[in-house]
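Visitor: Below you'll find the structure I mean.
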Amino acid sequence: MFLHDKKPLHTVKVDRPNPKFAAMFQEQLGGANGELKATMQYISQSFRVQDPEIKDMMLDIAAEELSHMEMVSMLITQLNGSELQGNQATVGEVQTHLLTGLAPGLINASGHPWTADYVNVTGDLVADLLSDIAAEMRAKVVYEYLYRQIDDKGVRDTIDFLLNREEAHNQLFRKALGKVAQTGSNRDFGVTEDSKLYFNLSTPGGQPFDLTDIHAPH
Ligand code: MN
Ligand code: MN
C-alpha cells in the first residue's frame, strides 16, 4: 500500500520560469534514467525478492523515487511558467505547449514518450542490483549535466538534493549486492575453465589481462 503525504520530500522553488530548461529537465521525468524508470524498476524487481531486508529497501527506495518524480514534476511545472508559446518551442518542448497545456508529460527531453523498455527486471538479485547501481550512477550523471547548464539557485538546490539522494541509493544497492554476491547468477554460472580465459586479440599485443583473482573459489 502506498500513502499520499501532501508535504513534498524537499521544497521546490525555482527563481524564475525557464521553459527551455523545463524541456531539458523532462529527461529526468520520462527519460531512460529518470525518476519514473527508477520507481517502476525497483517496484517490479521487488516482487520476487526473498531477502526481507533487501525487499523492504527496494520498496522504500521505489517510494522515494516516486517522491522524486513529484519533485521533478513540480520543478518542470514552475519552469514552464504560465504562457503557451509553441511558436518559440525547441526540441522536446512542442508537446508541452500543444498537447499537455504546460503540464509535465511523461516524455524525455526530446519529446519521446516514456516506455517500460527502460525497466530492467531479471528475477536474479545479483543482476538486478547491478542494474540498479548502474541506474543510480546514470541518474547522477544526468543530474550533474543539468546542474552545469543552469545558474538558477532554486533549480540548483533541487538538483543538488536529488543528486545526493541518488548517491545514497547507489551506496545502499552496493551494500545489498555485497550481501548476495555469492548467490544466484554469480554462483550458478561462469564456473568452467572457459570463464577464466582471456582472449588477447589486440595487435600488437600487450600484457594479457589477469583473470586469476576475479573468480573466487566456491
Ligand atoms: Mn531519484
Ligand atoms: Mn535513486
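Visitor: Against the longest alpha carbon principal axis of the chain, how many degrees, from 0 to 90 and to the nearest 10, is the axis of helix 153-180 turned?
Guide: 20 degrees
Visitor: Still on this structure, please answer the following. What translational D, rounded to a whole number of µm²/s, comes out for segment 73-127 from Stokes-Einstein when the hydrodynamic radius is the Kirkwood one over Cα pairs, at 37 °C and 0.692 mPa s?
Guide: For the chosen part, D equals 254 µm²/s.
Visitor: Taking only the Cα atoms of the chain, how large is their convex hull per residue, in Å³? All intermediate terms of the calculation are to be shown ahead of the outcome.
Guide: Working: hull volume 36.9 nm³, N = 218.
Cα-based convex hull of the chain, divided per residue, equals 169 Å³.
Visitor: What share of all Cα pairs of segment 6-71, in percent, falls into each consecutive 5 Å distance bin?
Guide: 4, 16, 20, 20, 17, 11, 6, 4, 2, 0
Visitor: Heads up, I need the accessible area for ARG174: 1.4 angstrom probe, whole protein in place, Å², nearest 10.
Guide: Roll a 1.4 Å probe over it and ARG174 shows about 110 Å².
Visitor: Could you give the nm distance between label points at ALA181 and LEU84, where each point is 7 Å from its Cα heading toward the beta carbon?
Guide: 5.7 nm
Visitor: Sticking with this one: To the nearest 10 degrees, how steeply does helix 35-46 sit against the main Cα axis of the chain, on a 0 to 90 scale?
Guide: 40 degrees
Visitor: Is there a pair in LYS7/LYS179; LYS13/LYS55; LYS6/LYS140; LYS55/LYS175; LYS6/LYS55; LYS37/LYS153 whose C-alpha atoms are over 23 Å apart, and which pairs would that be? Mind dumping the intermediate values first?
Guide: Details: LYS7/LYS179 34 Å; LYS13/LYS55 34 Å; LYS6/LYS140 26 Å; LYS55/LYS175 13 Å; LYS6/LYS55 26 Å; LYS37/LYS153 27 Å.
Pairs exceeding 23 Å: LYS7/LYS179; LYS13/LYS55; LYS6/LYS140; LYS6/LYS55; LYS37/LYS153.
Visitor: Then there's this: What number, in percent, do you get for the relative contact order of the chain if the mean sequence gap of Cα pairs under 8 Å and at least 6 apart is divided by its residue count?
Guide: Details: 271 pairs, mean separation 53.1, N = 218.
Here the relative contact order equals 24 percent.
Visitor: Once the convex hull of the alpha carbons of segment 63-104 is built, what does its volume come to per residue, in cubic angstrom?
Guide: Cα-based convex hull of segment 63-104, divided per residue, equals 65 Å³.
The values are calculated or read from the model by the stated rules, or taken from the named source; none is laboratory data. Just so we're clear, the structure is a prediction, and the values are computed from it rather than from any experiment. Using ideal geometry, Cβ is built from the backbone for each residue, glycine included, and neighbour counts are taken over all protein chains shown. Protein only, heavy atoms only, side chains kept; ligands, DNA and RNA dropped before computing areas. Shrake-Rupley method; radii C 1.70, N 1.55, O 1.52, S 1.80 Å.
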